[in-house]
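Nothing in this text is a laboratory measurement; each read-out follows from the coordinates by a stated rule. The model shown is predicted, which means the values in this text are computed figures rather than measured ones. Positions of Cβ are generated from backbone atoms using ideal geometry, with glycine treated the same way; all protein chains shown enter the neighbour counts.
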């Protein structure tokens, strides 16, 4: 009861905070705030009569992982939590200012530590690549970005509470609901668009474990914390009892939100879908029923659930002999549940524009696919498909077929706000006249050094994995080819000396490398960071829309011959490379790998 009272008080404080008007210091730069700005001017071939219905702009934001204990001066080795007395004191000041409900404090997001901490060690907006969760400053800035993007709806695909990783600071149940209540209040303050949440595996307590009501009271409590965004009584009641609901986004478009926790393999509180009393089986039946109704009404569905059916890419081998070698991925769901869910998505593929989730933190595109030789249904990663074409897989006999697989339904896992990579938010566009998702435009937090001006996309500080001495890094000079001087034959003494020298050099380099790695680890987001367009599927992949046929064409290199129009302010360059179709597939794969890690605009 005390926990629930504390939760209610904290929710009230949060609502006041949201209404106090505190503005984040991060502001979108040159964001397309109106429909005509983000619109691709490809309407030349459209019949001006009759007037077509307006396109729907949908934001997708996921994995916020708000940490109320985040300390901007603490290191990743303590999960960015205060440990020393000095750190704790500074954290208390920061926390008090950040949650000042009456708004008397200065802007909390421009706070600087008063003690003599090096500026480079302070991470106001998180530490990229670290196991730390997200500070309120970052979460608030991401939600405010959604408001400034002028969207019509928001898909909020779960995992809003912090991880329970710090054994010195265990996560109480009330904190899970408080994080969701805080973010719900921020959303309602940032945008008038409807916001649609789902249950993440970190939004339950203990994490990954969820039983249905009345065995567990998690869903009713979570629904109470999300009540500001659960706008209708039917949605609220359905979420409270099952964690799932159906709602309309447009006359021909519905959102089907599932509770993927009942299918998740790690959830030991519920049995597999073979059991007659399985909540997972009931959820699979519920999905089948609603997709059936949507298909019969000649409508289209977007399906949302936090945990995607699988995580890619697969560790595959390529023979180059034209035989299918794109493997199905291992599922994130319990075996029988996975079979039922995939069968349902396959059956109603014509009525599902996409499955939307988070969980993996990467920018990932998968497909429910059917093996044309065996009839088996499974999941594949688009990167694996491009790799297969690159290694000699033949073209499909019809559109939407790659490497002997018929792609049925796309599965989109959006990158996270928590800075596993650079934080990102995505905007999709639905064309009601063509009944397709036209594409997405993805914004990422571009990191700048203090004092630098952000002139445009791609000029930020290199992110982890760029120029860090990897296999593809050519920043180090290499020994040139050519004639080599003849070496004098060495005796035993010389050889012994060489061995000792090699050992010593190896040891020195090892130490040096370790030191350099430590120095570059977990860069703080603390400069003039701002939201910038990272890429769009239309401009950077040359795709007309997000249908499986277009994804198959891009992964297969079939977009090479396409002449595209002006898009996003620049000329679209068709995908190409050395070797025609196979080279184009490689070019697509390289881009996809780059964007998977949210590394900013791609440079050829």
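Reported to the nearest whole Å, the Cα centre-to-centre distance from the range 248-264 to the range 352-398 is 22. With a simple spin-label model that places each label point 7 Å from the Cα along the Cα-to-Cβ direction, the separation between residue 148 and residue 289 comes to 4.4 nm.
I need the Debye-formula profile for the range 240-380: one equal scatterer per C-alpha, no solvent, reported as log10 I(q)/I(0) at q = 0.10, 0.15, 0.18 1/Å, two decimals. Calculated log10 I(q)/I(0) at the listed q: -0.35, -0.77, -1.07.
Summary of packing: across the peptides 419-427, 547-555, the per-residue average of other C-beta atoms within 10 Å ranks them, highest first, as 419-427, 547-555. For a paramagnetic label modelled on residue 248 (point 7 Å from Cα along Cα→Cβ), amide N atoms under 16 Å away belong, within the range 284-308, to 293-302. Each of residue 343 and residue 374 was given a label point 7 Å from its Cα along the Cα-to-Cβ line. The distance between the two points is 1.7 nm. Here the spin labels are modelled as points 7 Å beyond Cα on the Cα-Cβ line, and at residue 297 and residue 330 they lie 4.0 nm apart. Taking 0.36 nm per residue of separation and subtracting the Cα-Cα distance, full extension of the segment from residue 208 to residue 165 would add 14.2 nm. Straightening the chain between residue 581 and residue 232 buys 120.6 nm, computed as 0.36 nm per residue apart minus the Cα-Cα spacing. Working from Cα pairs under 8 Å separated by at least six residues, relative contact order for the range 321-395 is 44 percent.
Taken along its three principal axes, the alpha carbon spread of the range 131-204 comes to 41, 22, 18 Å, from the longest extent down to the shortest.
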